[in-house]
1. Would you confirm, using the coordinates I've provided, whether V315 is touching a strand residue (DSSP E or B) at 6+ places or on another chain (Cβ under 7 Å) and not in a loop (DSSP other than H, G, I, E, B)?
2. Only residues that are without any contact (Cβ under 8 Å) to a residue 60 or more places away in the chain and of a type in the set (S, T, N, Q): list them for region 131-156, please.
3. Which condition from (1) under 18 Å from the mean Cα position of the chain (by Cα); (2) modelled with pLDDT under 95 is the one that A246 breaks?
4. If R107 satisfies all but one of (1) surrounded by 15 or more Cβ atoms within 10 Å (Cβ to Cβ); (2) at pLDDT below 95; (3) of a type in the set (D, E, K, R), what's the number of the condition it fails?
5. Tally time: how many residues in region 218-254 are charged (D, E, K, R) and touching a residue at least 24 places away in the same chain (Cβ under 8 Å)?
6. Taking V302, is it on the phi < 0 side of the Ramachandran plot and more than 15 Å from the chain's Cα centre (by Cα)?
7. Restricting to region 255-278, and then to whatever is without any contact (Cβ under 8 Å) to a residue 12 or more places away in the chain and assigned to a helix (DSSP H, G or I), can you tell me which residue is nearest to A59 (Cα to Cα)?
Amino acid sequence: MADPSFPKLEALIATADANLKIPGGSLRVIEDREIVFDRYFGTLSEDSETPWDEQTVVAIASISKSVTATLVAVLVGEGNLSFDDPISNYLPGYAALKLQNSDQSVRSPTIAECLSHTSGFPGGTMGKLPKNSPVKRGDQAEVARHLATQGLAARPGSKYAYTFRGYAAVSRVIEVVTGQPIAAVMCEKLLAPLGMNETTFAPGVSLIRRHPRFAARTEGRSDGYVAAQIERLRAQVGPFVNTAGALVSTPDDLQRFLQFHADKGRVGNQQIVPASVLAKLYRKQPATKNYGLGFNLRGSGVVGHGGATGTSASVDLKTGRILIVFTQAGGPNARPLAAGATKMVFP
């Protein structure tokens, strides 16, 4: 991307900044490992006077799927798993699945099918669950068992249905294989090696103060007060870790993540995951239009994901060009900014 494109990006940001539905946001472009465009605008929220800047922490929503799928790739590279493994190999409750509203037996979905939304699970996000759903009360093991008892809406591999459920099942598989909680495995195997030190499922006081959702409520409050509110909130939401959508992160951390993919699984001199394994994430999966394993395939070597909070992250695997767009204004409000920037940066 040449410099003449920058004025177009500036205009795009100016339009977003004037949109009252977008309190603040950021847009970063990386070329040849160098940040060539980095803009921040607005405030953390409409109730906050704190400027949105490079330290802002956001809920990246479904970009979490790309991170989780990459963790699976690490474990596959280590020989702990195979993408083609039926999840019933690790979760016995999936060995005798039924189609919903039927007595018909169906096979277990594979890990790859869970990551590509072709597992047969019903579509839907966590936000669409009823308040009394067992998913909102259980841990990874309990949620995985519950999903198995609900049966499948379609035969595995036959239909694309966007859902958190396949990722919930795979997260439990990871716990069974490693003997550790999913959040700990994520940190040890992926986040820490990549230096993604401000990416987490459970942000503490420092990160929460920089999070648009909580900024206004934490301004002027003591660390003790904020810590107590965090514990209260965690008690309300339950122990389940939504690996399909619950990570928070920063532009610097997502840059490290996308650069890792551009570098074919290397961090410095260390090969974290074989390039051949990582490449499987970018292959179009059966029954999908343009989806791999945790990644949307945008064409011409560009892969990435968007998030319902108003986030987007993409990398051109051929050139290494990276685009990161952050807001917390919701997908529909942020779409003109994210989609417009994507077209400009990856023409």
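1. Numbers: touching a strand residue (DSSP E or B) at 6+ places or on another chain (Cβ under 7 Å): yes; not in a loop (DSSP other than H, G, I, E, B): yes.
For V315, the condition - touching a strand residue (DSSP E or B) at 6+ places or on another chain (Cβ under 7 Å) and not in a loop (DSSP other than H, G, I, E, B) - is met.
2. N132, S133, T149, Q150
3. (2)
4. So R107 meets the others, but not (2).
5. Kept after step one, since they are charged (D, E, K, R), are these residues of region 218-254: 219, 221, 223, 231-232, 234, 252-253.
Retained after the next criterion (residues that are touching a residue at least 24 places away in the same chain (Cβ under 8 Å)): 219, 234, 252-253.
Result for region 218-254: 4.
6. Values: on the phi < 0 side of the Ramachandran plot: yes; more than 15 Å from the chain's Cα centre (by Cα): yes.
Spelling it out, V302 is indeed on the phi < 0 side of the Ramachandran plot and more than 15 Å from the chain's Cα centre (by Cα).
7. If we take residues in region 255-278 being without any contact (Cβ under 8 Å) to a residue 12 or more places away in the chain and assigned to a helix (DSSP H, G or I), then A275 is nearest to A59 (Cα to Cα).
Rundown of residues vs (1) out of contact with any Ser or Thr (no Cβ under 9 Å at 6 or more places or on another chain); (2) more than 21 Å from D253 (Cα to Cα); (3) outside the structural domain of G304 (by TED's automatic domain parsing), yes/no style:
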{"residue": "A11", "(1), (2), (3)": "yes, yes, no"}
{"residue": "N19", "(1), (2), (3)": "yes, yes, no"}
{"residue": "R28", "(1), (2), (3)": "yes, no, no"}
{"residue": "R33", "(1), (2), (3)": "yes, no, no"}
{"residue": "Y40", "(1), (2), (3)": "no, no, no"}
{"residue": "S48", "(1), (2), (3)": "yes, yes, no"}
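The values are calculated or read from the model by the stated rules, or taken from the named source; none is laboratory data. Just so it is clear, the model here is predicted, and its values are computed rather than measured. For neighbour counting, all protein chains shown are included, and Cβ atoms are generated from backbone atoms with ideal geometry for every residue, glycine included.
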